[in-house]
Structures are given as structure tokens and as C-alpha cells.
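Quick notes on the structure that follows.
The values are calculated or read from the model by the stated rules, or taken from the named source; none is laboratory data. This structure is a prediction, so every number in the text was calculated from the model and none was measured. Ideal geometry is used to build each Cβ from the backbone, glycine not excepted, and the neighbour counts take in all protein chains shown.
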Amino acid sequence: MVMQASECPVGTAYARRDVATSRRSGGSHKARKRPTIWLVPTFIEALEEIADAKPEPVISISPSELDRLVRRFGDRARQMGRWNVGTDGSLDIPLAVIREAASDLGGRTLHEALREIKAESFHEVLQSSAAVLLIDRIRDAYDRHVREIMDRYQGTTTPAEASQLRDQLVREIFGQ
Amino acid sequence: MKEHLIERLREREITQDDLLALRIWIGTDPEVPDSAWWKDFGTFKLTGEGRYPKTFLTRHQTAFGQEL
């Protein structure tokens, strides 16, 4: 199988490199079957990609959806992320936090948690349910996320960074 | 007021654990009295009146009102 540049999952920088290589190899290559090629970024390319990366996406749970979750799973639902109690009452959770928590659970437990969360029920679920387990893992992962910001805040020697991290912590602890 | 509390973390006057306990407490959407109240978080105290927090005190300062 040949991976076309347009199908390459590792970013445009690597795709451009592949196209240039194909052009240099002349016209006869079209008829030949090429070997399987996985394009692996070089060390520098990987660092460039990380440096240029946009901030980690954050998902926002609407106030009505959050109310539904709190009714079924208790206060822990509000503690999964940044509760914007001073504005619209939504809850923001970095996607990385959810990923970390989900990867801690086995596939079967995660599917069971999903089924429970999607269920249209008004009854409070058992404390031992898979959904409660997932929500508690997200809450713990979010605490670790905040703790990392605290560590950076306490460790930085740059006044500008300290000021930016302080403001970020105000938002993480008190919401918006 | 909030910025000042966070700055105390940098000066190691309050702990990460106590700040996280405050975060979790806020997430419980706590019921508070209409009159003056305070809550002890270990290395600091939060005081308020009605729905609104008023100030943070150090652990040695005396708070007035109802303890939560």
C-alpha cells in the first residue's frame, strides 16, 4: 500500500516533502508499484509541530446538560473542570483531561459509562457505577492539571509568566 | 481579592491542597446563610456575607459569623 501525500496523517510539512520526492523521481514511477512508506517526522519536525501547536481544545458542557449530570451523578459532575459559576454556569474541561481519564479505564468500563451517561433517566445512579468511576477519574485528572499549573506558577522566575499563570489559576479555581 | 490569594500560593503561605479543596467546595454549589459566614481551608479562611465571598484571611486571623 502506498500512502499518498494527501492521506498522510502526520501534517503538511511531511506531505510536501513526499510530493517533492515523487517529482524528482521522474515520470516512469507512475507505472511502478511503490513499497509501503510510513512518513515519520524527524526530531526537528516533531519539535516544530509541538512548538506551533494551538492550545489544547477545551469542551464546554452547557448549563442545562450540566444540571442533568448533577441530578444523576451529584456534585462531582461540576468538579470535572472549570465551573463558570459567575457567568453562564457552563463547565469547561480540557480535552486532554478527558483523554487521560478515559485511558485509565478499560474499554469495557468506558463503554458502560457512556451507556449510563447517555441514558435518559432522572434517577440518581449508584455510586459504584461505571459513569461515576469515569467522572471521578476526570475530576482527579483535572486536579492534576491544576496542580501542574500551580507547580509552574511556584517555579517560574519570569514576572510576566507568573502574572499569566496567576490569572489562569484564578480562572481554574473560581471559574469565569 | 482572588489574585491576592493565588499570590500567597507562590509565597508558600498557603498550600496547593487547600486551594484544590476550595475548588472542590465551590463545585458543591454550597448553601450559605444570608448573614456573615466563614469556612476554614487549613492555611486560609474564606469569609463572606450572603452569596458573596468577602475576603480571605490567614490561618491565624479570627473570622466572625457562622462557621460552615
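Checking each residue in region A:154-174 for being touching a residue at least 24 places away in the same chain (Cβ under 8 Å) and more than 7 Å from chain B (Cβ to nearest Cβ) picks out A:ARG171, A:GLU172. Taking only region A:29-45 into account, find how many residues are of a type outside the set (Asp, Glu) and either modelled with pLDDT of 75 or more or within 30 Å of A:ALA77 (Cα to Cα) (or both). Within region A:29-45, residues that are of a type outside the set (Asp, Glu) and either modelled with pLDDT of 75 or more or within 30 Å of A:ALA77 (Cα to Cα) (or both) number 3.
Has region B:20-28 got any residue that is more than 19 Å from A:TRP83 (Cβ to Cβ) and modelled with pLDDT of 90 or more? No - not one qualifying residue is present in region B:20-28. Consider region B:40-52. How many of its residues are under 23 Å from A:ILE149 (Cβ atoms) and either of a type in the set (A, V, I, L, M) or assigned to a strand (DSSP E or B) (or both)? Qualifying residue count for the region: 2. Checked against the criterion of being more than 26 Å from A:VAL70 (Cα to Cα) and either in contact with a strand residue (DSSP E or B) (Cβ under 6 Å, 6 or more places away or on another chain) or touching a residue at least 40 places away in the same chain (Cβ under 8 Å) (or both), region B:20-40 has at least one qualifying residue. Which residues, taken from region B:1-18, are over 15 Å from A:ALA162 (Cβ atoms) and either loosely packed, with under 15 Cβ neighbours inside 10 Å or without any contact (Cβ under 8 Å) to a residue 12 or more places away in the chain (or both)? Answer for region B:1-18, where residues must be over 15 Å from A:ALA162 (Cβ atoms) and either loosely packed, with under 15 Cβ neighbours inside 10 Å or without any contact (Cβ under 8 Å) to a residue 12 or more places away in the chain (or both): B:MET1, B:LYS2, B:GLU13, B:GLN16, B:ASP17. Highlighted here are the helices (runs of 4 or more DSSP H) found entirely within region A:48-153 that include at least 2 residues which are on the phi < 0 side of the Ramachandran plot, within 11 Å of another protein chain (Cβ to nearest Cβ) and of a type outside the set (Gly, Ala, Ser): A:63-73.
Going by what's in this entry, would B:ARG10 be described as within 10 Å of another protein chain (Cβ to nearest Cβ), out of contact with any His (no Cβ under 7 Å at 6 or more places or on another chain) and among the basic types (Lys, Arg)?
On the way: within 10 Å of another protein chain (Cβ to nearest Cβ): yes; out of contact with any His (no Cβ under 7 Å at 6 or more places or on another chain): yes; among the basic types (Lys, Arg): yes.
Yes; evaluated as a whole, the condition is true for this residue.
Table: residues versus (1) of a type in the set (D, E, K, R); (2) closer than 19 Å to A:GLU172 by Cβ; (3) part of a strand (DSSP E or B).
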site: B:LEU19; (1), (2), (3): no, yes, no
site: B:ASP29; (1), (2), (3): yes, yes, no
site: B:TRP38; (1), (2), (3): no, no, yes
site: B:LYS54; (1), (2), (3): yes, no, yes
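Taken as a whole, the structure leaves B:PHE64 outside the set of residues that are under 11 Å from the mean Cα position of the chain (by Cα) and among the aromatic types (Phe, Trp, Tyr).
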